Amino acid sequence: MASNSPFSEMASSPSDKLKKDQQVSNTKRIVTSDDLEKQDQSQVPCPPCLENKNPSTFQSLGFLDRFLALWIFLAMLIGVLLGNFVDNVGPALQKGTFVDVSIPIAIGLLVMMYPILCKVQYESLHKIFREKQIWIQLGVSLVVNWIVAPLVMLGLSWAFLPDEEGLRQGLILVGIARCIAMVLIWNNLANGNGDYCAILVAVNSLLQIILFAPLALLFLNVFSPGSSQAVKISYETVATSVAVFLGIPLAAAIITRFSLLRLFGSKFYHEKFLKFAGPWSLIGLLYTILVLFASQGKQVVRQIVSVVRVSAPLVVYFSLIFFATLVACRKMGFRYEYSVTQSFTAASNNFELAIAVAVAAFGPHSDQALAATVGPLIEVPVLLGLVYGVKWFAKKRSWEM
């Protein structure tokens, strides 16, 4: 019979008492651990954790990026006001030219491209070409950029402007000129793949030198029946424009990257230099927009009907090409970063080349030059909206960025 006296515990052996104490201690430890775990879970709710890991599109942008739509609107407004209310601003901005583009605009384009090209990892680009998917991506890009997009612009120009030959020809030139500048901005803002974007820019630049002139002659002289005059496009104009607006910032970026990495190391380059140089891309973009609107503001206001008529097919073109490419890439199983790069490359256009060719072939005050000039004025706000839209779509559909 077990004793219930207080002395029974004293009668037990020391080893039995030690085992009993250890069991009590372990039980307390386990219970305490579970309780703490439950307490932590109750005190730290899940939604804030998810919000920190997946910030909204607006929260993920820096200050300059976050209010970019406002800055662009102000740049457009200030440019239009300067062009219409300050005497001789437009002629002064267009007085000096560099490669058939006004010097202020040329400066803006070079400043805009240089910082983004500094981010490209040129030392490891050769590894990208080892992947089979990259060659598939390049094949898709070539088809969309050099066959689908120009044909879509041709169809839209005829659908919206059947009675305006000059405006129609200007739009066709915009459709053929594939982007080598602003696509870097949009791709960077939308978290696309920067290295792959640089490859596409380089490939499209080389193809522009080869294909732009014959495609322009084909689309304007053969695919546009009833044209009042045969159009002549100079290879020299195209090659020079591409060499300047891609070659100069690309060479400067390559020299900068390898020199600074060698002299100061990776930490300085990525944490100091790129942090300083990064905002200059958007500053160059805003400056370029302001100069564009200031130099063409009076012409845009005076020919507002023509501007509106040209704007309609441009809005349809940018939106249609972007979403069609994005849907196709998603259906093909491409990752977000590559799909976005493909879409912005397809929907963007080399307006500096289109303007230069239109001015050289038809004159600075022609309808063709006006249509080419309206191109970037519509492209900038539309593609900026697509940046916000595609990031919202990717978050809602859980498309990993």
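The values are calculated or read from the model by the stated rules, or taken from the named source; none is laboratory data. Bear in mind that the values here come from a model prediction, so they are computed numbers and not experimental data. Note: ideal-geometry Cβ built from the backbone for every residue, glycine included; neighbour counts use all protein chains shown.
Points to keep in mind about this one:
- Residue, farthest from the chain's Cα centre (by Cα), within the stretch 76-91, restricted to residues that are surrounded by 12 or more Cβ atoms within 10 Å (Cβ to Cβ) and farther than 13 Å from Gln299 by Cα: Val86
- Filter result for Phe258 (in contact (Cβ under 8 Å) with a residue 24 or more places away in the chain, of a type outside the set (S, T, N, Q), in a helix (DSSP H, G or I) and exposed (fewer than 14 other Cβ atoms within 10 Å of the Cβ)): yes
- Residue match in the stretch 130-141 (condition: modelled with pLDDT under 85 and among the aromatic types (Phe, Trp, Tyr)): no
- Where Ala106 falls short, out of the listed (1) closer than 24 Å to Glu236 by Cα; (2) of a type in the set (Gly, Ala, Ser); (3) modelled with pLDDT under 80: (3)
- Among the conditions (1) surrounded by 21 or more Cβ atoms within 10 Å (Cβ to Cβ); (2) in a helix (DSSP H, G or I), Val120 misses just one, which is (2).
- Residues that are closer than 24 Å to Thr345 by Cβ and buried (at least 24 other Cβ atoms within 10 Å of the Cβ), drawn from the stretch 154-168: Ser157
- Helices (runs of 4 or more DSSP H) wholly inside the stretch 336-401 that include at least 2 residues being touching a residue at least 12 places away in the same chain (Cβ under 8 Å) and over 21 Å from Trp186 (Cα atoms): 351-362, 367-396
- Just one residue in the set Ala356, Ala371 is modelled with pLDDT of 85 or more, under 22 Å from Leu151 (Cα atoms) and of a type in the set (Gly, Ala, Ser); that residue is Ala371.
Listed here are the residues, each with its yes/no results for (1) buried (at least 17 other Cβ atoms within 10 Å of the Cβ); (2) over 22 Å from Val380 (Cα atoms); (3) touching a Leu at 6+ places or on another chain (Cβ under 6 Å).
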{"residue": "Gln137", "(1), (2), (3)": "yes, yes, no"}
{"residue": "Pro150", "(1), (2), (3)": "yes, no, no"}
{"residue": "Gly175", "(1), (2), (3)": "yes, no, no"}
{"residue": "Leu184", "(1), (2), (3)": "yes, no, no"}
{"residue": "Ala190", "(1), (2), (3)": "yes, no, no"}
{"residue": "Ser234", "(1), (2), (3)": "no, yes, no"}
{"residue": "Thr237", "(1), (2), (3)": "yes, yes, no"}
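- Flag if Ser366 is buried (at least 24 other Cβ atoms within 10 Å of the Cβ), within 27 Å of Trp146 (Cα to Cα) and not hydrophobic (A, V, I, L, M, F, W, C): no
- Test for Leu285: is it in a helix (DSSP H, G or I) and either under 17 Å from Leu383 (Cα atoms) or among the hydroxyl-bearing types (Ser, Thr, Tyr) (or both): yes
- Against the numbered list (1) of a type outside the set (S, T, N, Q); (2) under 14 Å from Val380 (Cα atoms); (3) within 18 Å of the chain's Cα centre (by Cα), Phe293 comes up short only at (3).
- All of (1) in a helix (DSSP H, G or I); (2) surrounded by fewer than 18 Cβ atoms within 10 Å (Cβ to Cβ); (3) at pLDDT below 85 hold for Leu274 with one exception: (3).
- Pair list, Cβ < 9 Å and 6+ apart or interchain, from the stretch 234-254 residues that are under 16 Å from Ile210 (Cα atoms) to residues that are surrounded by 21 or more Cβ atoms within 10 Å (Cβ to Cβ) and among the acidic types (Asp, Glu): Ser241/Glu352
- Residues that are in contact (Cβ under 8 Å) with a residue 24 or more places away in the chain, under 17 Å from the mean Cα position of the chain (by Cα), surrounded by 15 or more Cβ atoms within 10 Å (Cβ to Cβ) and not in a helix (DSSP H, G or I) are absent from the stretch 93-106 altogether.
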